[in-house]
1. Go ahead and collect, in residue order, the members of segment 177-218 whose backbone nitrogen is under 17 Å from a label point 7 Å along the Cα-Cβ direction of residue 168.
2. With a point put 7 Å past each Cα toward its Cβ, work out how far residue 33 is from residue 130 in nm, to one decimal.
3. If you rank 84, 238 by fewest surrounding Cβ atoms within 10 Å, what's the result?
4. Quick one: give the max-minus-min coordinate of the C-alpha atoms of the chain along each principal axis, largest first, in Å.
5. Give the angle, between 0 and 90 degrees and rounded to the nearest 10, that separates the Cα long axis of helix 204-216 from the longest principal axis of the Cα atoms of the chain.
6. State log₁₀ I(q)/I(0) for segment 1-122 at q = 0.09, 0.19 Å⁻¹ as given by the Debye formula over alpha-carbon point scatterers of equal weight, solvent excluded.
7. Identify which of 192, 270, 80 has the largest mean-square fluctuation in a Gaussian network model of the chain, with springs joining Cα atoms closer than 10 Å.
8. Expressed as an acute angle from 0 to 90° and rounded to the nearest 10, what is the orientation of the C-alpha long axis of helix 259-268 relative to the principal long axis of the chain?
């Protein structure tokens, strides 16, 4: 399933994508095969960053998409300490070289840093005018950051906000997702299975996932991905360094949960009170 987002009039993007954080820790041939298998299965949204493996993740992604660039919605990110106007341009050009491509479909500021947003966004706009990036956005931005970004950039320019979101961390549902929906900004969930804390088989939460999965002929992880992306404005990127895991993730593209399923998951994984700050990794 693809959804038009990442800015009004933007290209369709698969709601389940492929993340590359720590992918360089896997055997390189396995990681490349997993990414390519994902493309075969419709996981056309690939997310990476200059920070991941000090550029190694970008190199792996670049090798995986060689000869298939036009199939991919490719996203990378600039580190805050590189996000001066000149630094953003340099970082982008280095990412393009590592990825073996002439353009990024979306380029993100990884998180807030010391450089003024106006400086970073001006670089983004120049890179966009040159065709080196086709859209741009932010990552790990809370409401105050988003309000400032909107004041600086103006409406219709911020394509997406990439944030932490999984079944046990639903803080963004309080304010961030509603803000993004009001302002036409896509939301991308990173670490959609959490950090090594996905509900275990046999636990109370694990049983709820297993019950819903069995009813749909799906896996618990597919159920989790379908729940997180139940709103059309939300996408999810999950790392899979093995082709088997990629195939499992891709199954979520065809899974549509019913209202009863969503109610059960909502009860089993309560979103909790509105947090003081935005959770992030």
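Quick note: the coordinates plus some simple rules give every number you see, no bench work behind them. Just so it is clear, the structure is predicted and the values come from calculations on it, not from any experiment. Reconstructed Cβ throughout: ideal geometry from the backbone, glycine too, with neighbour counts over all protein chains shown.
1. Only 190-210 fall inside the zone, counting backbone N under 17 Å.
2. 3.9 nm
3. Exposure proxy ranking, most exposed first: 84, 238.
4. 52, 42, 31
5. The angle comes out near 90 degrees.
6. -0.24, -1.03
7. 270
8. Helix 259-268 sits at roughly 90 degrees to that axis.
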